[in-house]
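Participant: Got a structure here, written out as structure tokens. Questions coming.
The values are calculated or read from the model by the stated rules, or taken from the named source; none is laboratory data. This structure is a prediction, so every number in the text was calculated from the model and none was measured. With ideal geometry, Cβ positions are generated from the backbone for all residues, glycine too; neighbour counts draw on all protein chains shown. When the accessible area is computed, the model is the full protein with side chains, heavy atoms only, and any ligands, DNA or RNA have been set aside. Shrake-Rupley method; radii C 1.70, N 1.55, O 1.52, S 1.80 Å.
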Amino acid sequence: TDLSRIRNFSIVAHIDHGKSTLADRLIQLTGTVAERDMKAQLLDAMDIERERGITIKANSVRIDYPAQDGQTYVLNLIDTPGHVDFAYEVSRSMRAVEGSLLVVDATQGVEAQTLANVYQAIDAGHEIVPVLNKIDLPAAEPARIREQIEDVIGIEAHDAIEISAKTGLGIPDVLEAIVQRLPAPKGDRDAPLKAMLVDSWYDSYLGVVVLIRVMDGVIRKGDTIRMMKTQATYKLDTLAVLKPAMTQIDELGPGEIGVFTASIKQVRDTRVGDTITHEKKQTATALPGFKPSVPVVFCGLFPVDANDFEDLRDAIEKLALNDASFTYEMETSAALGFGFRCGFLGLLHLEVVRDRLEREYDIDLITTAPSVVYRLHLKSGEVKELHNPADMPDLTLVSHIEEPRIKATIMVPDDYLGDVLKLCQDRRGIQADLTYAGTRPLVVYDLPLNEVVFDFYDRLKSVTKGYASFDYQLTGYREDNLVKMQILVNDEPVDALSMMVHRDRAEMRGRAMVEKLKDLIPRHMFKIPIQAAIGGKVIARETLSALRKDVTAKCYGGDATRKRKLLDKQKAGKKKMRQFGKVEIPQEAFISALKMD
Ligand code: GDP
Ligand code: MG
């Protein structure tokens, strides 16, 4: 295709502002997908994405658009994830395109992720077309939002396009703007092949599918290519474009986006950001490349039933085929037996993986306390990364501990500002900035990541009744007074409940945990002490009193069906419990005990 008739773009938006709906309308209006195959949120392929209404993996679609100038253009849309955990995928897909549609909900205005995403687009050198969505709603205030975009983001917005992705109003204007306002890609067809590896995923029929953007040269079916970073060579089996169904094509030239398969075994063999060239005629310079995404939250995953361990291993290996940002290694716990220590990009990522394991592979799991990665400076001078509080060495060996910090950006209506500041303050936050985005406060806090991974987002939503928006970036490591807190149940340490905490907050956290556990652990025939301790020192304690009578006694022996039901209920409950010494702890205790209210 002639470069001047290609437009590559992404859509950036805060979650729920209508990005997926707009993508659907663009696909529909151009007849890319036959009407009978059209279903909502076409690009959000995974079930979990559909159910939760979020986009996790970036996806791509090629649209043929006959423009008003009589020419047919090829529009390549790369859809990007909207959630903060996946910010990294946003930044890399941005590098594959020249422009962005900035979608802002005209009833809500600019939010934290609007800002974070649009700045990434600006960094990537994009031309940006602002689009005001949900104009069909009576609460839409396009004039005010235009002004806000200009004030807060600092881009021209007087020619922002007013649309309703729901009703289809204004969609033809969006298509024309893509052609007229976004730049065509540049590239040299006669130069050696240079293509960017944008993404890859595992397809159970095709194996690994690689999404590429050609910069220079031409890639053809049957070519032998080389990945410059891994130096691996492959012969292409298929070359295709996504419409969004895979449609075979003979070649892709400069500016084009498509996929290939080449008998690649696992997603790990492909490095996102790598440069792809021909084996024989190589390009002289590789693309700058992306830094790999690193897991920031770790937790243990153990099967509730120890017999499921092999199934869990299988399931995790399969999942990892498709998700290179998820890491795992085997872990043994005194209390929980065999399991895996897994690394995630954030809490949502953790939840998605755990959900999929439970749902798609039907394995009941115990999730241990999520932990961030601490940096231990040992007295020997050695620096170690700590992924699991259970691996914490003897304190006498440790000189100091550093923890990861983030820059959190929060936008919130004035009414809730006080609550948000208090929440950040309670989580050891340091206020970095407080400005106004139009009439809405924009708060910037420096926070320890470990205070955020648990339930910060839930708390933020609840104190602001859902009106706050939140985004964060890792900024670096800083030393603080951190200690490992252990939980002892019936005098036995439960390693799965160990956690790193700030010394000043240890008593409070320890107290909250033992109180919670007292409610969560069922009574036994004997008294059970539940303690929180640092080193050998107990900092909080509760005692669960002994059960006096047989549980069925309260049925007065008479009603056999009731008695039956009660016993069945107990049995069902049992399946989700694990034995710790003489004590049984229910599965939900591991997560609930760690949430703070
Ligand atoms: P995304 O998170 O940005 O991908 O947002 P979605 O496309 O999933 O849309 C979020 C919600 O807003 C969905 O319930 C959509 O049906 C709704 N929505 C999207 N566009 C419009 C619109 O133009 N008008 C109205 N009334 N609702 C819309
Ligand atoms: Mg979406």
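Participant: With a point put 7 Å past each Cα toward its Cβ, work out how far residue 582 is from residue 305 in nm, to one decimal.
Facilitator: 2.8
Participant: Also: Equivalent ellipsoid semi-axes for the chain, as square roots of 5 times the alpha carbon gyration tensor eigenvalues: give them largest first, rounded to whole Å.
Facilitator: Square roots of five times the eigenvalues give 47, 28, 25 Å.
Participant: How far apart, in nanometres, would the label points at residue 378 and residue 474 be if each is projected 7 angstrom from Cα along the Cα-to-Cβ direction?
Facilitator: 2.2
Participant: Explain nothing, just compute: Karplus ³J(HN,Hα) = 6.51 cos²θ - 1.76 cosθ + 1.60, θ = phi - 60°, for every residue of the range 431-440 in order, whole Hz, x for Gly and Pro.
Facilitator: Per residue, the Karplus-derived 3J(HN,Hα) values read 5, 9, 6, 8, 10, 10, 9, x, 9, 9 Hz.
Participant: On to the next question. Have a look at the DSSP beta bridges in the range 120-243 and tell me what percent are antiparallel, nearest 5.
Facilitator: Expressed as a percentage, antiparallel bridges in the range 120-243 total about 85.
Participant: If amide H atoms are built 1.01 Å from N in the plane of the peptide, which residues on other chains or at least 5 residues away come under 5 Å of the amide H of residue 540?
Facilitator: Distant-sequence amide H within range of residue 540: 532.
Participant: Using a 1.4 angstrom probe, figure out how much accessible area the chain has per residue, in square angstrom, rounded to the nearest whole.
Facilitator: The answer is 44 Å² per residue.
Participant: Could you compute the FRET efficiency for residue 523 and residue 360, with r as their C-beta to C-beta distance and R0 at 41 Å, rounded to 0.05?
Facilitator: E(calc), rounded to 0.05, equals 0.70.
Participant: Once the piece of chain linking residue 332 and residue 313 is laid out straight, how much longer is it, given 0.36 nm per residue of separation minus the C-alpha distance between them?
Facilitator: In short, 5.5 nm is gained.
Participant: Please report Rg (one decimal) and Dmax (integer) in Å for the Cα set of the range 407-552.
Facilitator: My reading of the Cα-based Rg and Dmax gives 19.4, 64 Å.
Participant: Still on this structure: If I compute solvent accessible area with a 1.4 Å probe over the protein chains, what percent of it on the range 168-316 is carbon and sulfur?
Facilitator: 50
Participant: Each residue of the range 409-421 in turn: what ³J(HN,Hα) in whole Hz from Karplus with 6.51, -1.76, 1.60 and θ = phi - 60°, glycine and Pro shown as x?
Facilitator: Running phi through 6.51 cos²θ - 1.76 cosθ + 1.60 with θ = phi - 60° gives 10, 10, 10, 7, x, 3, 4, 9, 4, x, 5, 5, 4 Hz.
Participant: OK, next. Under the Karplus relation 6.51 cos²θ - 1.76 cosθ + 1.60, θ = phi - 60°, what is the ordered set of whole-Hz ³J(HN,Hα) values for the range 367-380, x standing for Gly and Pro?
Facilitator: Each residue of the range 367-380 in turn: 9, 7, 3, x, 9, 8, 8, 8, 10, 9, 9, 8, 5, 5 Hz.
Participant: Using the beta-carbon distance between residue 265 and residue 395 and R0 = 56 Å, what value does 1/(1 + (r/R0)^6) give for FRET efficiency, to the nearest 0.05?
Facilitator: The value I calculate is 0.80.
Participant: Report the far tail of the P(r) of the range 58-191, meaning the percent of Cα-Cα pairs longer than 19 Å.
Facilitator: 54
Participant: Report in % the part of the accessible area of the range 341-473 that belongs to carbon and sulfur, leaving out ligands and nucleic acids; probe 1.4 Å.
Facilitator: 47
Participant: Between residue 465 and residue 543, what is the label-to-label distance in nm when each label sits 7 Å out along the Cα-to-Cβ direction?
Facilitator: In this crude spin-label approximation the distance works out to 4.6 nm.
Participant: Moving to a separate point now. Can you give the Rg to Rh ratio for the range 395-445, taking only C-alpha atoms and Rh from Kirkwood?
Facilitator: 1.20
Participant: Assuming a ≥ b ≥ c are the square roots of the Cα gyration tensor eigenvalues, decide whether the range 343-492 counts as rounded (a/c under 1.5), prolate (otherwise, with a/b larger than b/c) or oblate.
Facilitator: oblate
Participant: Also, I was wondering about something else. Taking a quarter of the surface of the Cα convex hull of the range 426-490, what do you get in nm²?
Facilitator: With the hull built on Cα positions only, its mean projection is 6.5 nm².
Participant: Counting just the Cα atoms, what span does the range 342-425 cover along each of its three principal axes? Round to the nearest Å and put the largest first.
Facilitator: Sorted from largest, the Cα extents of the range 342-425 read 50, 43, 16 Å.
Participant: Evaluate the charge dipole of the chain about its Cα centre and quote only its size in Debye, nearest 20, assuming +1 on the Cβ of each Lys and Arg and -1 on the Cβ of each Asp and Glu.
Facilitator: Once rounded to the nearest 20, the dipole reads 2000 debye.
Participant: A further question on this structure: What net charge is computed for the residues neighbouring residue 542, neighbours being all others with C-beta under 13 Å from the C-beta of residue 542, Lys and Arg scored +1, Asp and Glu -1?
Facilitator: Taking every other residue near residue 542 into account, the sum is +4.
Participant: Could you work out the percent of alpha carbon pairs in the range 96-139 separated by over 11 Å, rounded to a whole number?
Facilitator: 66
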